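Chemist: Handing you a structure now.
The values are calculated or read from the model by the stated rules, or taken from the named source; none is laboratory data. Since the structure is predicted, the reported quantities are computational estimates derived from the model, not experimental observations. A quick note on method: Cβ atoms are made from the backbone with ideal geometry, for glycine too, and the neighbour counts reach across all protein chains shown. With ligands, DNA and RNA removed, areas are computed over all heavy atoms of the protein, side chains included. Shrake-Rupley method; radii C 1.70, N 1.55, O 1.52, S 1.80 Å.
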Amino acid sequence: METIFSTDQVHPRERYDYWHSVACKKIVDHDSVPEDRLNFDASIELGTLGNLGLVRFHNSPMRVSHTLTHVAQVESDRLFVCFQVEGAVFIMQNGREVTLEAGTLTLVDPMLSYDCTFFRGSKLLVLKVPRRELRARLGRNLELITRLVTPARVDDSLALSLTAMLPSLAGKMSTVTEEMVGNHAVDLISLSIARTMESDAVRISCPKTVLLARLRAVIEARLTNPHLDAREVADAVGISVRYANELFFEQDTSIRRLIIARRLGRCRDALEDATQFHRTVSDIAYGWGFSDMTHFGRRFKETYGILPSECRILARQSAERASL
């Protein structure tokens, strides 16, 4: 993480205005009113982890408004996972209110207006997650916005703990490893967000979101099993294969296609990972559940446009250039 702004190097009279201009560019466009302009204190750190953008910042008490005018200036391809590191912040969006305290998180959509109140000692971590990544896991359900995730359950605690660690991991691993860690974090966060709807029957689509998240979690956890099929996945969640595939049909896929797609993705990650160059292509394919190398090679080329062996060669060449 790189500190791109700190009020320590700015004259007290200019601190708030300078911070506001930087925050609008690096976090999101907004209006704000500080509690004490003359004694305003803040900092902003930036980083990346795979395809996740990381923004960690602290600021003195203030009120923030992200209005429809600001929404018009926002890039629509990111959603914000907001994790409170220290202190607290009060957020209102989509007709709901949530108070983030240290060790909790919520989902905010910058394409919708919202209001926040930052309290003294607040430090917030924002994960800028590609919208397509969260939609693939959660769908387009607005009922999941501003739902509070707390460490009440062990699996939610794991999601929160991993989220807290992400800034310390940024820039310290290979690109492939960063992407894998980022994907795992989004998987866990998505499942925790979906579970906040379990006791809420607001809309019929809400339980569908929870089921989809669970189905994806089962598939991800059992990819190495070459005998994994639709029946095993559906049984693990407690629904029929037909209903499970109906849920996935709304996202233009099926259990079988998703299993193959995720296995191919895992294999490509391994083929491009310099720490796994000692492994053969067949070892990697078998390790991620493929039992037929001809089928694996054909599906890999259909998906990525190159053979697995060609992918490995390109990865080696890229690694050699990077080491020069």
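Chemist: Return the ratio Rg/(2.2 N^0.38 Å) for the chain, where Rg is computed over Cα atoms only. Show your work: numbers first, answer last.
Modeler: On the way: Rg = 21.8 Å, N = 324, 2.2 N^0.38 = 19.8 Å.
Against the compact-globule rule of thumb, the ratio is 1.10.
Chemist: Between segment 289-308 and segment 62-85, what's the alpha-carbon centroid distance in Å?
Modeler: For segment 289-308 versus segment 62-85, the Cα centre distance is 41 Å.
Chemist: OK, next. Express in Å², to the nearest 10, the accessible area of Ser43 obtained by rolling a 1.4 Å probe over the protein heavy atoms while all chains stay in place.
Modeler: In the full protein context, Ser43 sits at about 20 Å².
Chemist: Show the residues, 5+ positions off or on another chain, whose built amide H is closer than 5 Å to the amide H of Lys123.
Modeler: Val85, Glu86, Gly87, Ala88
Chemist: Now a separate question. Springs between alpha-carbon pairs under 10 angstrom, Gaussian network model over the chain: which of Ser190, Ser21, Ser122 fluctuates most?
Modeler: Top of the fluctuation ranking is Ser21.
Chemist: For a quick check of understanding: with a 1.4 angstrom probe and all protein chains in place, what accessible area in square angstrom does Asp156 have, to the nearest ten?
Modeler: About 10 Å², ignoring ligands and nucleic acids.
Chemist: Please report the accessible area of Leu158 (heavy atoms, 1.4 Å probe, ligands and nucleic acids excluded) in Å², nearest 10.
Modeler: 100 Å²
Chemist: About the Cα centre, and with charges only on the beta carbon of Lys, Arg (+1) and Asp, Glu (-1), how big is the dipole of segment 140-266? Nearest 20 debye, please. Before the final figure, lay out each step's value.
Modeler: Numbers: 17 positive and 15 negative charges, 39 e Å.
Dipole magnitude for segment 140-266 comes out near 180 debye.
Chemist: My understanding is that a pair violates if its Cα-Cα distance is over 19 Å; which of Lys26/Lys123; Lys25/Lys172; Lys128/Lys208 do that in this structure?
Modeler: Details: Lys26/Lys123 16 Å; Lys25/Lys172 26 Å; Lys128/Lys208 25 Å.
From Lys26/Lys123; Lys25/Lys172; Lys128/Lys208, over 19 Å: Lys25/Lys172; Lys128/Lys208.
Chemist: OK, next. Please report, to one decimal in angstroms, the Kirkwood hydrodynamic radius of segment 232-280 built from all distinct Cα-Cα pairs. Provide the component values of the computation, followed by the final result.
Modeler: On the way: mean 1/r = 0.0796 Å⁻¹.
Hydrodynamic radius (Kirkwood, Cα pairs) of segment 232-280 is 12.6 Å.
Chemist: Quick one: putting +1 on the C-beta of Lys and Arg, -1 on the C-beta of Asp and Glu, what dipole do you get for the chain around its Cα centre, in Debye to the nearest 20? Can you show the working numbers first?
Modeler: Working: 41 positive and 41 negative charges, 169 e Å.
So the magnitude is around 820 debye.
Chemist: Moving on. Out of all DSSP beta bridges with both ends in the chain, state the antiparallel percent to the nearest 5.
Modeler: Working: 51 of 51 bridges.
So the antiparallel bridges amount to about 100 percent of the total.
Chemist: Follow-up. Which of the listed residues, Ser65, Ala152, His295, is farthest toward the dipole's positive end in the chain, when Lys, Arg count +1 and Asp, Glu count -1 at the beta-carbon?
Modeler: His295
Chemist: Right, next: For His11, His227, give the ranking by accessible area with the largest first, probe 1.4 Å.
Modeler: On the way: His11 90, His227 145 Å².
From most exposed to least exposed: His227, His11.
Chemist: As a check on your grasp of the helix formula, calculate [θ] at 222 nm for the chain: sum -39500 (n - 2.57) over DSSP H runs of n ≥ 4, divide by the residue count, round to the nearest 500. Don't jump to the answer; show the numbers that get you there.
Modeler: On the way: 12 runs with 148 residues, N = 324.
Counting only the DSSP helices, I get -14500 deg cm²/dmol.
Chemist: Still on this structure, I have one more. At a threshold of 8 angstrom on Cα-Cα distance, excluding pairs fewer than six apart, so keeping six or more, what relative contact order does segment 139-298 reach in percent?
Modeler: Working: 131 pairs, mean separation 31.6, N = 160.
Relative contact order, segment 139-298: 20 percent.
Chemist: Show me 178-189, 87-98 ranked by packing, highest mean number of other Cβ atoms within 10 Å first.
Modeler: On the way: 178-189: 20.0, 87-98: 16.3.
Ranked by mean Cβ neighbours within 10 Å, highest first: 178-189, 87-98.
Chemist: Arrange the peptides 168-174, 295-301 so that the one whose residues have, on average, the most other Cβ atoms within 10 Å appears first. Please report the intermediate quantities before stating the final value.
Modeler: Working: 168-174: 14.3, 295-301: 17.1.
The peptides rank, most packed first, as 295-301, 168-174.
Chemist: What percent do you get for the relative contact order of the chain when only Cα pairs under 8 Å and 6+ apart count? Write out the running numbers ahead of the final one.
Modeler: Working: 564 pairs, mean separation 41.2, N = 324.
For the chain, the relative contact order is 13 percent.
Chemist: Quick check for you: which residues of segment 18-57 have the amide N under 11 Å from the point 7 Å beyond the Cα of Ser65 toward its beta carbon?
Modeler: Those under the cut-off are 31-33.
Chemist: Per residue, how much accessible area does the chain have with a 1.4 Å probe, in Å²? List each step's numbers first, then the result.
Modeler: Values: 15940 Å² over 324 residues.
On a per-residue basis, 49 Å².
Chemist: Let me ask something else. Over segment 1-76, what is the relative contact order in percent, taking alpha-carbon pairs closer than 8 angstrom and at least six residues apart? Intermediate results must be reported in sequence, preceding the final value.
Modeler: Numbers: 109 pairs, mean separation 26.8, N = 76.
Worked out over segment 1-76, it gives 35 percent.
Chemist: Under a 5 Å amide H to amide H cut-off, with H placed in plane at 1.01 Å, what residues pair with Thr196 once short-range neighbours are removed?
Modeler: Residues meeting the criterion, in which the H sits 1.01 Å from N, do not exist here.
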